[in-house]
Amino acid sequence: MSNNLALKLRSGTQQAHTDAENVGFMKCFVQGVVDRECFSKFLGNLYFVYSELEDAVDKHKQHPLIKIMYFPELNRQSYLEKDMTFYHGNLWRNFLQPSPAAKNYVARISQLFNHAPELLLGHTYTRYMGDLSGGQMLQKVAQSALKLSGFEGTEFYNFDQIPDKQAFKQKYRQALDSLPIDDTTADKIVAEANHAFYLNMEIIKELEPILIQALGHATYNDLV
């Protein structure tokens with residue numbers, strides 16, 4: 001019997017998804033206004049988020065709920081490492097630091113790892129389903145705006161282990177619906193997915209001053 005978690009997550013995060021799309025940085029991004037420094041900082045912060053998230057999920061992969069949603073082909077850490085090397089060179093680990101918002105995001109994942117690992121599923125849903133959907137469009141925008149060749153600098157969006165993204169997303173939703181959970185747990189996962197949207201928006205908002213400086217206030221205001 002289905003728990004309808006996939007539908008609950010989709011409908012329950014709809015407002016958060018809309019709010020994320022309306023953050024100034026993202027409104028500029030989808031219009032093709034992408035600053036190289038902003039984009040590399042964005043990916044750098046995601047490196048810390050995904051490293052923490054994927055480590056937490058891997059360590060809990062025998063958890064009764066997480067093992068059903070354990071899809072290592074989704075992992076982004078190694079791809080983000082390639083992007084960091086592209087933007088910052090081989091010594092990037094010596095100086096790359098998470099922003100305050102990224103630190104908050106990582107801290108939340110760490111908290112769930114220790115106290116409520118089942119709620120990590122709210123984060124994996126928000127992150128990976130977004131990467132497999134709108135993220136593919138953002139990759140094309142970044143490639144064009146920054147004049148990048150192939151996947152250089154956008155490896156983050158390259159799911160080479162998932163050739164059929166639509167089929168995989170359907171499999172992922174079916175796995176969500178098969179989880180043996182009650183309504184209370186489902187509601188907590190949806191709430192955590194919304195929190196993941198909020199944490200991501202805070203990372204993006206931090207980048208707006210950099211983008212405004214690159215574009216100028218007048219141009220930025222015209223775009224948003």
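Would you mind giving the average projected area, over all directions, of the Cα convex hull of region 77-176 in nm² with one decimal?
On the way: hull surface 31.4 nm².
If you wrap the Cα atoms of region 77-176 in a convex hull and average its projections, you get 7.9 nm².
What whole-number volume per residue, in cubic angstrom, does the convex hull of the C-alpha atoms of region 31-111 give? Could you put the intermediate results ahead of the total?
On the way: hull volume 10.4 nm³, N = 81.
It is 129 Å³ per residue.
How do His115, His63, His17 rank by accessible surface area computed with a 1.4 Å probe, from largest to smallest? Each step should come with its number before you reach the end.
Working: His115 150, His63 40, His17 85 Å².
Ranked list, largest accessible area first: His115, His17, His63.
Sort Thr126, Thr184, Thr154 by heavy-atom solvent-accessible area, probe 1.4 angstrom, most to least.
Values: Thr126 20, Thr184 85, Thr154 0 Å².
Ranked from most to least accessible, the order is Thr184, Thr126, Thr154.
Of all accessible surface on region 99-224 at a 1.4 Å probe, what whole percent is carbon and sulfur?
Values: 3000 of 5910 Å².
Looking at region 99-224 in its full context, I get 51 percent from C and S.
For Val224, what charge total do you get from the other residues with a beta carbon under 13 Å from its beta carbon, if Lys and Arg give +1 and Asp and Glu give -1?
On the way: positive: Lys27, Lys205; negative: Glu21, Glu208, Asp222.
Spelling it out: positives minus negatives among the neighbours equals -1.
Report, in debye and to the nearest 20, how large the dipole of region 42-132 comes out about its Cα centre when Lys and Arg carry +1 and Asp and Glu carry -1 on their Cβ.
Working: 9 positive and 9 negative charges, 27 e Å.
The dipole magnitude comes to about 140 debye.
What size of dipole, in debye to the nearest 20, comes out for region 1-101 about its Cα centre when the only charges are +1 on Lys and Arg C-beta atoms and -1 on Asp and Glu C-beta atoms?
On the way: 11 positive and 11 negative charges, 42 e Å.
In total the dipole reaches around 200 debye.
Below 12 angstrom from the Cβ of Ile189, what's the summed charge of the other residues (Lys, Arg +1; Asp, Glu -1)? Walk me through the numbers on the way to the answer.
On the way: positive: Lys8, Lys188; negative: Glu118, Asp182, Asp183, Asp187, Glu192.
Once all neighbours under 12 Å are counted, the net charge is -3.
What figure in square angstrom, to the nearest 10, would you give for the accessible area of Ser144 with a 1.4 Å probe?
90
With the contact rule set at Cα under 8 Å and sequence spacing of 6 or more, what percent relative contact order holds for the chain?
Working: 230 pairs, mean separation 91.7, N = 224.
Relative CO of the chain lands at 41 percent.
Name the residue from Thr13, Gln139, Pro163 whose Cα lies farthest towards the positive end of the charge dipole of the chain, charges +1 on Cβ of Lys and Arg and -1 on Cβ of Asp and Glu.
Projecting each Cα onto the dipole axis, the largest value belongs to Pro163.
Could you give the size of the charge dipole of region 72-224 about its Cα centre, using +1 on the Cβ of each K and R and -1 on the Cβ of each D and E, expressed in debye and rounded to the nearest 20?
Values: 14 positive and 18 negative charges, 55 e Å.
Charge dipole, region 72-224, about its Cα centre: 260 debye, nearest 20.
Where Lys and Arg each count +1 and Asp and Glu each count -1, what net charge lies around Gln111 among other residues with Cβ under 12 Å from its Cβ? Don't skip to the end; give the middle numbers.
Working: positive: Arg108; negative: Glu52, Glu192.
Charge balance in the 12 Å sphere: -1.
Once the Cβ-Cβ distance between Lys171 and Leu91 is put in as r, and R0 is 41 Å, what FRET efficiency do you end up with, to the nearest 0.05?
Details: r = 39 Å, r/R0 = 0.96.
For Lys171 and Leu91, the calculated efficiency is 0.55.
Per residue, what accessible area does region 1-91 have, given a 1.4 Å probe and all protein chains present, in Å²? Before the final figure, lay out the partial values.
Values: 4370 Å² over 91 residues.
Normalised by residue count, the accessible surface of region 1-91 is 48 Å².
Based on alpha-carbon centroids, what's the gap between region 81-104 and region 143-169 in Å, whole number please?
20
So for Glu37, Glu152, what's the accessible-area order with a 1.4 Å probe, most first?
Details: Glu37 100, Glu152 70 Å².
So, going from the largest accessible area down, we get Glu37, Glu152.
May I ask you to list the lysines whose Cα is less than 19 Å away from that of Lys82, ignoring any residue fewer than eight positions away on the same chain?
Lys41, Lys140, Lys147
The values are calculated or read from the model by the stated rules, or taken from the named source; none is laboratory data. Just so it is clear, the model here is predicted, and its values are computed rather than measured. Cβ coordinates were reconstructed from backbone atoms using ideal geometry, including for glycine residues, and neighbour counts include every protein chain displayed. These area figures cover heavy atoms from the full protein model, side chains too; ligands, DNA and RNA do not enter into them. Shrake-Rupley method; radii C 1.70, N 1.55, O 1.52, S 1.80 Å.
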